[in-house]
Amino acid sequence: MEENHIKVAIIGSGPAGLTAAIYAARANLSPVIFEGMQPGGQLTITTEVENYPGFEDGIQGPELMDVMRKQACKFGAKCEFKEVTEVDFSQKPFVFKSEDKTYTADSIIVSTGASAKLLGIESETKFMGYGVSACATCDGFFYKGLKVLVVGGGDTALEEANYLTNFASEVVLIHRREGFRASKIMLDRAKKNPKITFALNQTIKEVIGEEGALGMKKVTGAILENTQDGSTEEIQTDGIFIAIGHKPNTKIFENKLEMDETGYLKVKAGSTYTNTEGVFAAGDVADKTYRQAVTAAGTGCMAALDAQRWLEEKEII
């Protein structure tokens with residue numbers, strides 16, 4: 001087992017995990033990043049990133065993750081393109097498994113992120129990052145003067161619809177029912193916004209778009225299906241924002257780390273400490289409020305510093 005022993009194991013490889021790796025590597029902690037099913041996290045399905053500091057002209061999401069990975073490896077971090085399938089925090093060193101190996105670790109940083117809930121239709125996947133988005137804060141800027149659709153009926157959908165009116169000329173909120181889960185204050189705000197209209201008892205059956213040279217794609221519309229009578233209609237749009245919620249990627253930590261009712265990991269205020277000493281959480285896996293690359297990176301830095309101090313305090317390093 002000695003050859004599979006790690007000082008700092010990082011589970012997840014988005015901005016939080018890779019930033020944690022940079023800091024841990026520079027502290028000579030020899031971190032190992034387990035990249036998981038989606039190396040680079042959600043940014044790998046994002047095209048242009050314009051709001052990450054340091055890139056004046058923007059950068060492609062996959063390229064940003066590649067740059068961060070190379071930076072971590074430059075300082076001595078190691079990447080394993082494996083998924084962690086099982087963890088045991090009941091003993092120290094901690095034990096965890098991938099598909100083919102068992103490892104031990106003195107400390108673990110969990111940065112497995114969260115996944116946007118999607119509609120589950122093929123055309124949605126096809127145009128993801130090319131007019132279909134799950135983050136208005138990330139991509140709203142690209143829709144100045146254009147018409148967009150927002151799908152959902154909770155606070156997130158109404159908040160995103162209101163936010164998008166700062167850029168879009170028209171926002172149509174698509175909701176499968178007439179009643180809303182959203183709070184009254186959010187609903188009233190949306191109803192008072194002259195740029196927002198409602199398409200109720202409707203779902204998106206298909207995303208319509210164009211495909212050009214070099215793999216470029218563009219959303220041009222959607223086919224809506226009435227949830228009451230099954231009738232369909234085509235609607236023009238330049239972008240579609242899916243706002244039906246997020247699900248933290250915490251299944252393997254159930255009954256092993258403290259979570260809230262929706263599965264987000266709980267951390268001690270002002271830190272990345274979970275309820276298990278030596279296990280830290282960073283990024284969207286513990287953040288259901290901001291969910292931005294830069295905030296994930298910030299907590300990744302915090303987790304590495306917390307892990308380093310904890311290891312020093314326990315005289316493990």
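Quick look at the values:
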read-out	value
Given (1) under 26 Å from the mean Cα position of the chain (by Cα); (2) surrounded by fewer than 19 Cβ atoms within 10 Å (Cβ to Cβ), index of the condition ASN162 fails	(2)
Spans of strands (runs of 3 or more DSSP E) in region 53-139 with at least 2 residues buried (at least 21 other Cβ atoms within 10 Å of the Cβ) and not hydroxyl-bearing (Ser, Thr, Tyr)	102-110
Selected residue [without any contact (Cβ under 8 Å) to a residue 24 or more places away in the chain, part of a loop (DSSP other than H, G, I, E, B) and not hydroxyl-bearing (Ser, Thr, Tyr)] from LYS256, LYS268	LYS268
Extreme residue, farthest from GLY215 (Cα to Cα), among residues of region 99-117 that are touching a Ser or Thr at 6+ places or on another chain (Cβ under 8 Å) and hydrophobic (A, V, I, L, M, F, W, C)	ILE109
Residue within region 178-190 that is under 23 Å from the mean Cα position of the chain (by Cα) and either without any contact (Cβ under 8 Å) to a residue 40 or more places away in the chain or outside any strand (DSSP E or B) (or both) present	yes
For LYS126: the one exception among (1) out of contact with any Leu (no Cβ under 8 Å at 6 or more places or on another chain); (2) closer than 28 Å to PHE253 by Cα	(2)
Leading residue by the ranking (farthest from SER13 (Cα to Cα)) among those in region 134-152 that are at pLDDT 95 or above and in contact with a strand residue (DSSP E or B) (Cβ under 6 Å, 6 or more places away or on another chain)	LYS147
Subset of region 1-12 [over 18 Å from ASP100 (Cβ atoms) and buried (at least 24 other Cβ atoms within 10 Å of the Cβ)]	VAL8, ILE10, GLY12
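The values are calculated or read from the model by the stated rules, or taken from the named source; none is laboratory data. Remember, it's a predicted structure, so these values are computed and weren't measured experimentally. Every residue, glycine among them, receives a Cβ derived from its backbone with ideal geometry; neighbour counts consider all protein chains shown.
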